[in-house]
Amino acid sequence: MRRPHMSKLSNSIVALDKFILSTRDSGYKSTSSAVAELVDNALQAGARSVRISVEATDAMSGSDIRIQVADDGIGMERATLVQAMRFGGSGRYNDRSGLGRFGMGLPNASLGQARRVSVYTWQSGASVLMTYLDVDEIAMGQVVEVPDPVRHKSVDGIDRVDPTHGTT
């Protein structure tokens, strides 16, 4: 959902435009810790295999690096995907069986390392769903909700550990 710049909403508990920038700098200080959070999410989703790939389009400058964490977990349906992308949106709130318990892991780990994160997920017999979070869009107040997941027929360039279910 697109709305006017957040500074115009004076009674909001969270100043979203500032929150997203502050959150990026307050959580996962290293890429390895952030990736470990995503691997933990995959394992909690029943993954037996998790693949991590790093691709740099300009290795000399270090710009445009793409990190992909792909798994063969159970995948997510639409509502679960949206919930997973929300700060504090865990379906396993206070569950002590994994690294995270508060629903901050996926968005905080990802956006702490990148300005944009895209998540593709699929379940047996269902289409691939994709949504994303973009720091710049959030900071400018253009987006205040997780974008509605869209269906994808093909996911070129996306590693699918298991074609029937998983998340990347």
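Yes/no matrix, rows are residues, columns are (1) at pLDDT 90 or above; (2) part of a loop (DSSP other than H, G, I, E, B); (3) at positive phi; (4) touching a helix residue (DSSP H, G or I) at 6+ places or on another chain (Cβ under 7 Å):
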{"site": "GLY103", "(1), (2), (3), (4)": "no, yes, yes, no"}
{"site": "VAL119", "(1), (2), (3), (4)": "yes, no, no, yes"}
{"site": "ALA126", "(1), (2), (3), (4)": "no, yes, no, no"}
{"site": "ASP156", "(1), (2), (3), (4)": "no, yes, no, no"}
{"site": "PRO163", "(1), (2), (3), (4)": "no, yes, no, no"}
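Residue count for segment 47-71 satisfying the condition of being in a loop (DSSP other than H, G, I, E, B) and modelled with pLDDT of 80 or more: 3.
Within segment 20-46, the only residue that satisfies the criterion of being within 14 Å of the chain's Cα centre (by Cα) and not in a helix (DSSP H, G or I) is TYR28.
Quick one: count up the residues across segment 130-153 that are more than 24 Å from THR23 (Cβ to Cβ) and in a strand (DSSP E or B). Residues flagged as more than 24 Å from THR23 (Cβ to Cβ) and in a strand (DSSP E or B) within segment 130-153 amount to 3.
Looking across segment 23-37 at every residue that is touching a strand residue (DSSP E or B) at 6+ places or on another chain (Cβ under 9 Å) and at pLDDT below 90, the one that is surrounded by the fewest Cβ atoms within 10 Å (Cβ to Cβ) is identified as THR31.
Every residue, every condition in (1) polar (S, T, N, Q); (2) surrounded by fewer than 16 Cβ atoms within 10 Å (Cβ to Cβ), yes or no:
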| site | (1), (2) |
| --- | --- |
| GLN123 | yes, no |
| ALA126 | no, yes |
| TYR132 | no, no |
| ILE138 | no, no |
| PRO149 | no, no |
| LYS153 | no, yes |
| THR168 | yes, no |
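The values are calculated or read from the model by the stated rules, or taken from the named source; none is laboratory data. Just so you know, these numbers come straight off a predicted model, no measurement behind them. Please note: Cβ atoms are built from the backbone with ideal geometry, for glycine as well, and neighbour counts cover all protein chains shown.
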